[in-house]
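Participant: Okay, here's the structure, questions in a sec.
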């Protein structure tokens with residue numbers, strides 16, 4: 001059984017389409033993963049993977065922007 | 001989502017839980033995942049996360065196919081659960097340890113269904129996948145070899161599950177508490193789903209009389225559950241007390257499974273149900289009253 005571990009964690013908060021999101025990236029073996037979660041909701045918005053951190057983040061953030069742009073706000 | 005609190009680093013047995021046996025630490029899993037009679041299962045929102053690397057010896061269940069009826073909207077039917085557990089090498093005496101992403105949202109969903117069908121020993125790994133990864137613990141991409149077992153589930157325990165008529169009957173009752181565990185923006189109707197996720201209802205707002213206690217308030221920053229004292233203060237401040245009939249709901253029932261777990265097992269409330277119809281049912285119901 002090949003054993004790996006998650007390494008090189010980086011986390012930062014961004015505001016995208018008016019929503020605060022937490023961007024977390026890390027490496028498992030030779031692949032990077034990036035998760036984007038809503039800070040208030042705690043929900044996973046998007047995930048990306050890639051050979052580099054930049055590639056993983058780009059993939060996740062593109063999906064995040066698209067999905068958040070489609071989120072409708074109603075007057076309350 | 002979660003908050004930094006004094007309880008974050010306290011061992012589970014020192015947090016004052018009513019049923020501490022249902023929660024295990026990442027260290028416990030590291031020590032016991034390979035034990036005979038223990039089966040670790042990952043249940044994620046992101047069903048591809050398991051393939052990136054998982055707890056050695058863990059299997060994966062897909063919440064969109066394994067833990068629901070794929071034909072009608074319902075939890076997994078009894079015969080399909082029996083088949084899933086048998087194929088997972090689980091019999092009625094197995095200790096099942098669940099963990100997952102998003103602070104164990106769907107691990108809690110699986111826990112709730114296993115309790116509905118009467119599995120005796122099921123536990124959740126405190127902090128879930130996030131904590132395991134952040135601690136730099138061992139991961140593998142290898143799926144374990146599994147010896148098929150025979151499983152016999154109990155008839156569903158409906159004292160753990162609320163259906164629409166029961167929730168409708170709770171409106172206006174002073175001896176009942178409806179807990180909406182969604183975000184404040186969903187509760188007010190500003191949005192219809194967590195930002196970035198699909199809308200699944202026609203109307204926003206909440207069930208009249210419900211209080212808003214977002215699921216994440218039960219967690220520390222590292223994803224572990226807060227202490228019993230902190231949880232008690234959180235829920236009782238909003239009138240959610242153990243003498244009441246309590247029903248938790250969210251959008252589709254997984255976040256409310258997480259809060260149901262905290263209320264039922266960590267605080268030991270005797271009458272707590274998960275309304276898995278949740279806002280997707282109520283917010284689409286013709287004529288249902290809605291508060292904003």
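Participant: In the range B:187-209, what count of residues is obtained for those that are within 11 Å of chain A (Cβ to nearest Cβ) and more than 19 Å from the chain's Cα centre (by Cα)?
Facilitator: So the count comes out to 13.
Participant: Just one of (1) surrounded by fewer than 17 Cβ atoms within 10 Å (Cβ to Cβ); (2) farther than 27 Å from residue B:114 by Cβ trips up residue B:189, so point out which.
Facilitator: (1)
Participant: Report the residue count in the range A:1-24 for those that are closer than 30 Å to residue B:34 by Cβ and either surrounded by 12 or more Cβ atoms within 10 Å (Cβ to Cβ) or within 10 Å of chain B (Cβ to nearest Cβ) (or both).
Facilitator: Residues that pass the stated criteria total 9.
Participant: Quick check: anything in the range A:56-76 out of contact with any helix residue (DSSP H, G or I) (no Cβ under 7 Å at 6 or more places or on another chain), more than 10 Å from chain B (Cβ to nearest Cβ) and under 23 Å from residue B:185 (Cα atoms)?
Facilitator: Filtering the range A:56-76 for residues out of contact with any helix residue (DSSP H, G or I) (no Cβ under 7 Å at 6 or more places or on another chain) gives A:56-75.
Restricting the remaining residues to those that are more than 10 Å from chain B (Cβ to nearest Cβ) gives A:56-62.
Add one more test, that the residue is under 23 Å from residue B:185 (Cα atoms), and what stays is A:61.
There is at least one residue in the range A:56-76 that is out of contact with any helix residue (DSSP H, G or I) (no Cβ under 7 Å at 6 or more places or on another chain), more than 10 Å from chain B (Cβ to nearest Cβ) and under 23 Å from residue B:185 (Cα atoms).
Participant: What is the one condition in (1) within 24 Å of residue B:23 (Cα to Cα); (2) more than 14 Å from chain A (Cβ to nearest Cβ); (3) part of a loop (DSSP other than H, G, I, E, B); (4) without any contact (Cβ under 8 Å) to a residue 24 or more places away in the chain that residue B:91 does not satisfy?
Facilitator: (4)
Participant: Another question, if that's okay. Determine whether residue B:110 is in contact (Cβ under 8 Å) with a residue 40 or more places away in the chain, within 20 Å of the chain's Cα centre (by Cα) and closer than 25 Å to residue B:283 by Cα.
Facilitator: yes
Participant: Of everything in the range A:42-55, what is farther than 14 Å from residue B:196 by Cβ and either more than 8 Å from chain B (Cβ to nearest Cβ) or at pLDDT below 95 (or both)? Give them in sequence order.
Facilitator: Result: A:50, A:51, A:52, A:53, A:54, A:55.
Participant: Which residue out of B:13, B:51 is in a helix (DSSP H, G or I) and more than 30 Å from residue A:28 (Cβ to Cβ)? Spell out the reasoning first.
Facilitator: Working: B:51 fails: more than 30 Å from residue A:28 (Cβ to Cβ).
Result: B:13 is the single residue among B:13, B:51 that is in a helix (DSSP H, G or I) and more than 30 Å from residue A:28 (Cβ to Cβ).
Participant: One residue is enough: does the range B:55-63 have a residue meeting the conditions within 14 Å of another protein chain (Cβ to nearest Cβ), touching a residue at least 12 places away in the same chain (Cβ under 8 Å) and over 20 Å from residue B:258 (Cβ atoms)?
Facilitator: So far as the range B:55-63 goes, yes, one or more of its residues are within 14 Å of another protein chain (Cβ to nearest Cβ), touching a residue at least 12 places away in the same chain (Cβ under 8 Å) and over 20 Å from residue B:258 (Cβ atoms).
Participant: Looking at residue A:39 and the list (1) under 25 Å from residue B:127 (Cβ atoms); (2) facing another protein chain (nearest Cβ under 8 Å); (3) in contact with a helix residue (DSSP H, G or I) (Cβ under 8 Å, 6 or more places away or on another chain), which single condition is not satisfied?
Facilitator: For residue A:39, the exception is condition (3).
Participant: Which of the residues spanning the range A:41-76 are in a strand (DSSP E or B) and touching a residue at least 12 places away in the same chain (Cβ under 8 Å)?
Facilitator: Result: A:45, A:46, A:47, A:48, A:49, A:50.
Participant: To continue, here is another question. Out of B:10, B:15, which single residue is more than 16 Å from the chain's Cα centre (by Cα), more than 14 Å from chain A (Cβ to nearest Cβ) and modelled with pLDDT of 95 or more?
Facilitator: It is B:15.
Participant: Report yes if some residue within the range B:228-235 is touching a strand residue (DSSP E or B) at 6+ places or on another chain (Cβ under 7 Å) and at negative phi; otherwise report no. Even if it seems obvious, please write down each step before you answer.
Facilitator: Our first condition is that a residue be touching a strand residue (DSSP E or B) at 6+ places or on another chain (Cβ under 7 Å); within the range B:228-235, this holds for none.
Checked the range B:228-235: no residue is touching a strand residue (DSSP E or B) at 6+ places or on another chain (Cβ under 7 Å) and at negative phi.
Each row is one residue, and each column tells you yes or no for (1) more than 12 Å from chain A (Cβ to nearest Cβ); (2) not in a loop (DSSP other than H, G, I, E, B).
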{"residue": "B:114", "(1), (2)": "yes, yes"}
{"residue": "B:119", "(1), (2)": "yes, no"}
{"residue": "B:132", "(1), (2)": "no, yes"}
{"residue": "B:137", "(1), (2)": "no, no"}
{"residue": "B:151", "(1), (2)": "yes, no"}
{"residue": "B:165", "(1), (2)": "yes, yes"}
{"residue": "B:178", "(1), (2)": "yes, yes"}
{"residue": "B:182", "(1), (2)": "no, no"}
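Let's see how each residue does on (1) touching a residue at least 12 places away in the same chain (Cβ under 8 Å); (2) more than 14 Å from every other protein chain (Cβ to nearest Cβ); (3) over 17 Å from residue B:20 (Cα atoms); (4) part of a loop (DSSP other than H, G, I, E, B):
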{"residue": "B:222", "(1), (2), (3), (4)": "yes, no, yes, yes"}
{"residue": "B:230", "(1), (2), (3), (4)": "yes, yes, no, no"}
{"residue": "B:235", "(1), (2), (3), (4)": "yes, yes, yes, no"}
{"residue": "B:240", "(1), (2), (3), (4)": "yes, yes, yes, yes"}
{"residue": "B:246", "(1), (2), (3), (4)": "yes, yes, yes, no"}
{"residue": "B:259", "(1), (2), (3), (4)": "yes, no, no, no"}
{"residue": "B:264", "(1), (2), (3), (4)": "yes, yes, no, no"}
{"residue": "B:270", "(1), (2), (3), (4)": "yes, yes, no, yes"}
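Participant: If you check residue B:193 against the conditions, is it on the phi < 0 side of the Ramachandran plot and either part of a loop (DSSP other than H, G, I, E, B) or in the same structural domain as residue B:99 (by TED's automatic domain parsing) (or both)?
Facilitator: Criteria met by residue B:193.
Participant: Moving on to the next point. Within the range B:212-241, can you find the residues that are modelled with pLDDT of 95 or more and surrounded by fewer than 16 Cβ atoms within 10 Å (Cβ to Cβ)?
Facilitator: B:229, B:233, B:236, B:237, B:238, B:239, B:241
The values are calculated or read from the model by the stated rules, or taken from the named source; none is laboratory data. None of the values given here were measured: they were computed from a predicted structure. Reconstructed Cβ throughout: ideal geometry from the backbone, glycine too, with neighbour counts over all protein chains shown.
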